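Data block below; observations after.
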Amino acid sequence: MSEVALLTARAEQSEAEIRHLEEEIKRLQDPQRMLADGIISPELEKLRTENAKLQYQINHLKRSVATEKKRKPENMLSIGIIVEELFGLAVRHAYPDLDDIPVMIQGSSKFADYQCNSALVICAKLKAQGVKLPPKEIAQKIVASLPESEYFSKVEAAPNGFINIDLSKDYVSGQISSVLQKGPSPPNVGIKKRVVVDFSSPNIAKEMHVGHLRSTIIGESLCRLLEWVGHDVLRLNHLGDWGTQFGMLIAHLKDKFPNYLSVSPPIKDLQAFYKESKVRFDEDEAFKKRAYEAVVKLQNGDEAHLKGWNLICDVSRQEFQKVYKRLGVSITERGESFYQPLMGAIVKELEEKEHLVLEEGRKIMYIPGAPAPLTVVKSDGGFTYATSDLTAIKHRLHVEKGDWLLYVVDAGQNLHLQSIFDAGVIAGWYDPKQARVEHVMFGVVLGEDKKKFKTRSGEVIRLVDLLDEGVKRAEMKLVEKGRDKELTKEEMKKAMEAVAYGCIKYNDLSHNRNHEYVFSFDRMLDDRGNTAAYLLYAYTRIRSIARTAQVSPQQLKEAATKTKIVLDHPKEWKLAKCLLRFPEIILKCLDDLLIHTLCDFLYEVATTFSEFYDSCYCIEKDKSGKIVKVDMSRILLCEATASVIGAGFHILSITPVDKM
């Protein structure tokens with residue numbers, strides 16, 4: 001329940017108590033009634049004392065009710081949730097004997113701002129009990145049971161039983177003023193949680209490619225969303241930095257750079273280095289033998305082999321960091337090697353709890369309903385990805401104290417991850433009713449041929465090349481619009497990168513992550529339609545309106561506290577109501593972790609603003625171009641719009657610029 005609904009409920013409860021106490025006082029003050037109730041005179045003094053106490057309680061409760069009603073929550077309130085919770089209270093108050101009545105609230109219709117359709121459900125329930133009432137009468141009773149509030153200007157029952165709800169313009173205006181003064185604040189999410197987010201997770205010695213794009217972008221955006229509402233977020237990069245492939249790489253390193261212990265090897269292209277070692281591993285039996293020996297020495301902690309491993313990891317880290325910097329990603333490395341020393345204890349624990357079965361030399365764990373068991377220990381005694389993932393989930397729950405774990409990993413890993421989650425429950429590491437552990441899955445990126453996105457030669461596209469191409473295309477688009485003649489070199493660079501990286505991110509996030517999507521630079525750089533290019537241009541345009549009106553930031557700040565936001569024009573009203581749905585959208589994204597809902601909302605805000613701007617003059621000029629009138633209320637509505645879009649951009653990790 002939101003703060004406002006809670007306060008309303010408290011006030012309602014106190015008012016009921018007041019009515020009860022006032023009835024008691026009336027009874028005590030009426031001698032005839034007292035005699036009728038069998039109360040005799042020797043007790044009169046005692047009752048008078050009781051009367052005084054009751055009167056004191058009433059006054060105290062009245063002060064409490066007034067205090068509760070004056071309290072304003074710090075978080076931005078969702079009007080949709082306010083409507084739902086207030087009508088929930090009214091329905092329960094009007095029909096307390098009926099269970100499980102759904103509070104059916106519909107968004108904006110041609111008749112009202114909101115509509116409640118619960119009367120029809122109640123009508124059916126009563127009919128089943130042999131009670132026949134027309135829907136309108138039921139609706140009227142619900143309306144009569146609504147607590148008094150500042151949110152509605154009109155609430156009335158229609159003949160068909162629908163309840164039409166009109167919002168109060170004074171309330172909406174006040175909320176817009178609050179956004180201007182404090183900025184868009186997150187909705188109340190209740191208890192703050194420790195959230196561990198596993199995302200990106202490339203492999204050491206391999207370059208980041210288009211396959212890492214979605215996990216990195218979706219993971220960063222989810223972390224920003226969770227942090228913005230106040231959760232404690234640990235961002236983890238589960239790097240593939242351990243395993244048999246490192247024996248192959250270290251053996252090749254020793255052959256190619258025999259003095260690597262004293263002189264840092266000049267490995268510039270780690271991808272080529274990996275391919276060279278893989279060819280040797282596949283074709284040279286003697287090399288393959290040395291590679292296996294190197295793995296054993298590495299796992300046994302041999303100093304020279306550990307140094308070789310660190311050198312290879314460092315080269316990869318530097319390359320990964322270049323990509324993360326360009327994409328504005330912040331993440332903590334926690335690779336497979338981190339969990340390596342902890343795996344033995346996990347195997348021992350599972351054995352002691354009798355969860356492991358020995359089959360064909362392997363130690364496996366059967367998961368009810370899973371298509372295949374988890375191999376926890378191989379027949380040669382080595383650990384597996386399952387061992388690593390089991391160790392990681394326990395560490396995240398028990399050591400990192402995570403009570404919400406998110407794995408931002410492609411849909412192809414769903415069965416494996418579900419088995420890991422189920423194994424954690426079987427092992428007693430967490431209770432699904434208390435800890436939220438989930439797979440944030442996503443579909444693959446397709447090329448315009450509707451096949452997996454690859455180069456013409458069939459190779460996976462490097463992420464660095466994709467970003468470079470994006471910047472190049474963004475530059476061409478800006479030059480095409482003549483922006484290179486209007487912007488300085490530094491402004492042009494910022495605009496190119498903002499458009500390129502913003503469009504790549506938004507193109508990904510604006511699609512339902514559960515689905516595949518087609519990657520197209522032409523589509524994502526189009527400044528028409530639901531694209532980052534359109535939103536970035538819209539944002540820059542909105543921010544320029546106050547400058548065009550020659551209103552300084554200081555004047556805006558002062559006006560935000562003194563100027564009432566007027567919402568008389570239908571397009572002003574539509575825009576203001578749209579902006580106040582922001583917390584509702586945030587709560588929905590938190591519930592289903594689908595960021596495209598936020599993208600759709602920002603596009604709706606931008607198009608609704610465009611309607612407003614086309615119909616409502618913010619600045620009036622004479623024929624010479626001189627400003628003759630500035631509508632400060634509308635300028636402030638523009639600023640509120642920009643601040644909501646800006647907050648959305650922050651969550652999406654999109655960087656706007658002042659000039660485009």
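The values are calculated or read from the model by the stated rules, or taken from the named source; none is laboratory data. These figures come from a predicted structure and were not determined experimentally. Neighbour counts run over all protein chains shown; Cβ positions are idealised from the backbone, glycine included. Protein only, heavy atoms only, side chains kept; ligands, DNA and RNA dropped before computing areas. Shrake-Rupley method; radii C 1.70, N 1.55, O 1.52, S 1.80 Å.
Here are some notes:
- Computed label-point distance, nm, for sites GLN129 and ASP526 using a 7 Å Cα→Cβ extension: 5.5 nm
- Remark: the chain carries 50 Å² of accessible area per residue (probe radius 1.4 Å; ligands, DNA and RNA excluded).
- The stretch between LYS623 and LEU306, if pulled fully straight at 0.36 nm per residue, gains 106.4 nm over its current Cα-Cα span.
- Peptide packing for 259-267, 644-652 was compared via the average number of neighbouring C-beta atoms within 10 Å per residue; ordered from the highest value, the list is 644-652, 259-267.
- Distance between modelled label sites at ASP97 and ASN75, nm, 7 Å Cα→Cβ extension: 3.7 nm
- Cα gyration tensor, the stretch 244-333 - rounded (a/c under 1.5), prolate or oblate: prolate
- The simple Förster model, with R0 at 25 Å and r as the Cβ-Cβ distance, assigns PHE257 and GLN321 a FRET efficiency of 0.65.
- Filtered chymotrypsin sites (Phe, Trp or Tyr not before Pro), the stretch 515-605: DSSP coil and at most 11 other beta carbons within 10 Å: none
- Residue-span extension gain [LYS192 to THR655] - 0.36 nm each, minus C-alpha spacing: 164.0 nm
- The residues neighbouring LYS297, those whose beta-carbon lies less than 12 Å from its own, together hold a net charge of 0 under the Lys/Arg +1, Asp/Glu -1 convention.
- The dipole here belongs to the chain: it is taken about the Cα centre, uses +1 on the Cβ of Lys and Arg and -1 on the Cβ of Asp and Glu, and is about 1580 debye.
- Ranking HIS416, LEU342, THR332 by how far each Cα lies toward the positive end of the dipole of the stretch 320-468 (charges on Cβ) leaves THR332 at the top.
- Cα gyration tensor, the chain - rounded (a/c under 1.5), prolate or oblate: oblate
- FRET efficiency for the LEU446 to THR607 pair, using the beta carbon distance and R₀ = 30 Å, is estimated at 0.65.
- Neighbour net charge for VAL131 - beta-carbon separation under 14 angstrom, K R +1, D E -1: +2
- Cleavage-rule hits (trypsin sites (Lys or Arg not before Pro)) in the stretch 350-433: DSSP loop, at most 14 neighbouring Cβ within 10 angstrom: LYS353, LYS378, LYS401, LYS433
- Each peptide in 278-290, 490-502, 208-220 receives the mean, over its residues, of other Cβ atoms within 10 Å, and ordering these scores from highest gives 208-220, 490-502, 278-290.
- Listed by chain and number, the aspartates and glutamates whose alpha-carbon sits under 16 Å from that of LYS132, ignoring those within fewer than 8 places in the same chain, are ASP97.
- Compared with the dominant principal axis of the Cα atoms in the chain, helix 270-283 is inclined by about 50°.
- Restricting the stretch 566-633 to trypsin sites (Lys or Arg not before Pro) that sit in a DSSP loop and have at most 10 other Cβ atoms within 10 Å of their own Cβ leaves LYS623, LYS626.
- FRET efficiency, TYR385 to SER264 (Cβ-Cβ, R0 25 Å, nearest 0.05): 0.20
- The stretch 103-262 shape via C-alpha gyration tensor axes, a/c threshold 1.5: prolate
- Angle in degrees between helix 532-548 and the longest Cα principal axis of the chain, rounded to the nearest 10: 50 degrees
- Shown for the stretch 483-652: the carbon plus sulfur share of the solvent-accessible area, taken with all protein chains present and a 1.4 angstrom probe, equals 49%.
- Taking a straight Cα-Cα cut-off under 21 Å and skipping sequence neighbours fewer than 8 places away in the same chain, the lysines within cross-link reach of LYS322 are LYS206, LYS268, LYS472, LYS493, LYS494, LYS505.
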